[in-house]
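Chemist: Before we start, here is the structure in question, set down as structure tokens.
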Amino acid sequence: MKSPAQSIWRFAAALAAVALITWFYYRVVHVNPTTVGFTFLIEVLLVSAAWGLPYAISTSLVATLAYNYFFLPPVLTWTIADPQNWIALFTFLVTAVVASQLAERARREASQSNQRRREVERLYAFSQQLLVTGNVFGLLNRVPLFIVEAFGVAGAAIFLDEKQKTYVSDAAIQPLLSADQLRSISARGEPVLDRENRVCFVPVRMGARVIGSLGVLGCDLSRETLEAIGSLIAISIERAATIETLTRSEAGRESDRLRSLLLDSVTHEFRTPLTAIRASAETLLDAPEARRPEFRELLAIINEEGDRLNRLVGEAAEVAQLDAGQIELQFELHPVREPIDAAVQQCRYALEHHPLQLNVPGDLPQARMDLKRITEVLCQLLENAGKYSAPGTPIRITAEHRWKELLISVADHGPGIDDMEQSMIFEKFYRGRNQRVTIQGTGMGLAIAKAIVELHGGKISVTSQLGHGSVFSFTLPLQQ
């Protein structure tokens, strides 16, 4: 913005140049009027290019008067005797005005081009600053300062809808860029540019979605630049949030991996002495000295508890491996009868007091499965059925084809599970309220079964009624 004194000085300088040209050609060097006219025209163009259209027009009017008075006959009068001189004078005036307008337009476009170039350079510098920070919280606190540094404005503030919080470059500017103003801009989704007070507000967009707003104090930036700043802010916030999420995910995966390695190491160290204890107990049971009943009973307890502890350690290691995604399944096509027969054979001691009913049609299609793991799932369900059912009650295994999947079920006549507990029994370490003391277990078996079934692309569920038993079912997708 030019001061009045500066404007007066420029007008005086332009008129002084007209006077100097007039004196030079009138007193010092005598040339034809055409040369004088071209000289005045050059001065008008220079003034227009340097200072703008108002100065050029005033200069062209004064130059026209001087040209008429001193150089068009009869000289030293305002009279124009020759009609051709009228045409020359009019042509000079029109040429001077048009040329000054063209020069002013070129000067204005050059100025705008330079301003855009400077803004693009600042936008680039601003984007580089945004890339420095990968932390969302740190980024939001620094962005207003980055705007002040990169664009030379008096202050900046950002409001985010999700957090309902304002971040400012300086606490002193909060009354000028209030949270209410920023919130209203975010709600409307339209910019407000107060050029008179040099205060600008624009919405911050992620694509078509408004996520907040930006306020700038001492703003001479174009609307396009302000919208570009808002877009860069939105992209950088999204980028920082993504980096944080990936970092947390990677940290979680690394934690699971380390936990799995630790459990592998611990279980190995546990199993080494357990193997020695079991072997020693079995050797002592076969020794002649172990014929005394109380002695044999103690050795049997040692052997049984060693087996139980070994199974517990194995389940803990398997849960850790499943959580860390470190179990690789060997998928092959198998008839569903294969894992059922294998599970019944492995669980024969758990089922010895229960009649077993099988309902497995022979024409069922083969399913893609890891035979060992699906056998493990069935063993877990059969052991639970045998453990929680009264002796003599039957256990039923059924398999059926349902559209694109096989449904395998294990039904018992145990105490049943109430509705509240049915949603929790597949969680790690959870055990039913009524069986925690009376029946041994770790609470990991059903969690392992659920993880294995889901790795196969299936689902596991339970249907139960108190006093009437439970039906555990899982599905296996059929290969298309």
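Chemist: Given a Förster distance of 35 Å, report the FRET efficiency between ILE8 and VAL192 from their Cβ-Cβ distance, rounded to the nearest 0.05.
Modeler: Calculated transfer efficiency: 0.50.
Chemist: Let me ask something else. How much length is gained if the chain between ASP341 and TRP403 is pulled fully straight, taking 0.36 nm per residue apart and subtracting their Cα-Cα distance, in nm to one decimal?
Modeler: Once the chain is fully extended between ASP341 and TRP403, it gains 19.9 nm.
Chemist: Using R₀ = 35 Å, calculate the FRET efficiency as 1/(1 + (r/R₀)^6) where r is the Cβ-Cβ separation of PHE38 and ARG108; round to 0.05.
Modeler: 0.90
Chemist: Once the Cβ-Cβ distance between GLU238 and GLU454 is put in as r, and R0 is 45 Å, what FRET efficiency do you end up with, to the nearest 0.05?
Modeler: The calculated FRET efficiency here is 0.90.
Chemist: Related question: Using a 1.4 angstrom probe on the protein heavy atoms only, could you order MET420, MET369 from most to least accessible area?
Modeler: MET420, MET369
Chemist: With θ taken as phi - 60° and the coefficients 6.51, -1.76 and 1.60, list the Karplus ³J(HN,Hα) couplings across the stretch 27-39 in order, rounded to whole Hz; mark glycine and proline as x.
Modeler: Result, ordered by residue: 9, 9, 10, 9, 10, 6, x, 4, 4, 4, x, 5, 5 Hz.
Chemist: Same structure, new question: Whose amide H sits under 5 Å from the amide H of ALA367, counting only residues 5 or more places off or on another chain, with H placed in the peptide plane?
Modeler: HIS334, VAL336
Chemist: Taking K and R as +1 and D and E as -1, what net charge do the other residues with C-beta under 12 Å from the C-beta of THR463 add up to?
Modeler: Result for the neighbourhood of THR463: -2.
Chemist: Related question: Which value in nm describes the separation of the simple spin-label points at LEU364 and ALA125, placed 7 Å from the Cα toward the beta carbon?
Modeler: For LEU364 paired with ALA125, the spin-label model returns 7.2 nm.
Chemist: Can you work out ³J(HN,Hα) from phi for every residue in the stretch 465-473, in order, using Karplus 6.51 cos²θ - 1.76 cosθ + 1.60 and θ = phi - 60°, giving whole Hz and x for Gly and Pro?
Modeler: Whole-Hz 3J(HN,Hα) from phi for the stretch 465-473: 9, 4, x, 10, x, 9, 10, 9, 10.
Chemist: Keeping all protein chains in the complex and leaving out DNA, RNA and ligands, what accessible area do you get for SER231 with a 1.4 Å probe, in Å² to the nearest 10?
Modeler: 50
Chemist: Taking 7 Å along the Cα-to-C-beta vector as the label spot, tell me the ALA171-TYR26 distance in nanometres, rounded to one decimal.
Modeler: Roughly 6.9 nm, to one decimal.
The values are calculated or read from the model by the stated rules, or taken from the named source; none is laboratory data. Because the structure is a prediction, the values reported are computed rather than measured. Positions of Cβ are generated from backbone atoms using ideal geometry, with glycine treated the same way; all protein chains shown enter the neighbour counts. Ligands, DNA and RNA are stripped out before the accessible areas are found, and what is left, the full protein with its side chains, is counted by its heavy atoms. Shrake-Rupley method; radii C 1.70, N 1.55, O 1.52, S 1.80 Å.
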